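Okay, so here's the structure we're looking at.
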Amino acid sequence: MLLVPFKPNSDYKVSIEEALEMIKLKMGLEIERLVFGNLDLENLREWLVKTWPAYEIHTPLFNFPYPDLLVDLWRLQAEQDLLSTLSTDIIIEDTIIPKCTPYTSELVDRLGRLNIDLILENGEGYTLVFPKAYIEFSEASSENCPLDIF
């Protein structure tokens with residue numbers, strides 16, 4: 001399995017195709033199945049199938065209920081000592097939620113009050129997940145964000 005991270009403003013298709021090519025060239029492996037984590041965007045799912053017809057497209061989280069997904073996320077973060085953070089600023093009208101803000105149940109509640117998709121499924125923002133031992137920081141700030149190293 002190879003996870004393909006997406007940086008803000010990166011080309012989705014190009015990123016995946018570069019990763020697929022890397023697997024073929026460096027490992028000599030043939031790929032049969034692509035797995036995506038999109039939740040409920042039928043048009044995106046259709047685009048994936050049309051874009052990569054040579055592969056089986058698998059979307060195991062498709063139509064998975066948000067409350068159940070969040071329960072699993074909070075549990076896994078605790079069990080594996082992980083930290084999820086925003087990797088981009090979220091800008092809604094006069095509100096800015098800066099990158100590096102931890103993606104927590106409190107943030108999810110705030111997103112709901114701002115009428116933002118709780119999982120950011122519509123591209124409102126993006127997240128990164130790290131082992132807490134890898135990156136520790138106490139205050140969200142765009143100016144001193146450790147994510148800038150990426």
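Some notes on this structure:
- Flag for E18 being surrounded by 11 or more Cβ atoms within 10 Å (Cβ to Cβ) and at pLDDT 85 or above: yes
- A residue that is more than 15 Å from V108 (Cα to Cα), in contact with a Pro (Cβ under 9 Å, 6 or more places away or on another chain) and loosely packed, with under 15 Cβ neighbours inside 10 Å can be found somewhere in the stretch 64-81.
- Taking the stretch 35-66 as the range and being in a loop (DSSP other than H, G, I, E, B) and under 16 Å from the mean Cα position of the chain (by Cα) as the test, the residues that pass are F36, G37, N38, L39, D40, L41, T59, P60, L61, F62, F64.
- Some residue of the stretch 55-66 being modelled with pLDDT under 90, of a type in the set (F, W, Y) and over 26 Å from K132 (Cα atoms): yes
- Criterion (crowded, with 17+ Cβ neighbours inside 10 Å, at pLDDT 85 or above and either within 24 Å of N9 (Cβ to Cβ) or of a type in the set (A, V, I, L, M) (or both)) met by exactly one of C100, C145: C100
- Among the conditions (1) more than 12 Å from T127 (Cβ to Cβ); (2) of a type outside the set (S, T, N, Q); (3) in a loop (DSSP other than H, G, I, E, B), C100 misses just one, which is (1).
The values are calculated or read from the model by the stated rules, or taken from the named source; none is laboratory data. Because the structure is predicted, anything quoted here is derived from the model rather than measured. Reconstructed Cβ throughout: ideal geometry from the backbone, glycine too, with neighbour counts over all protein chains shown.
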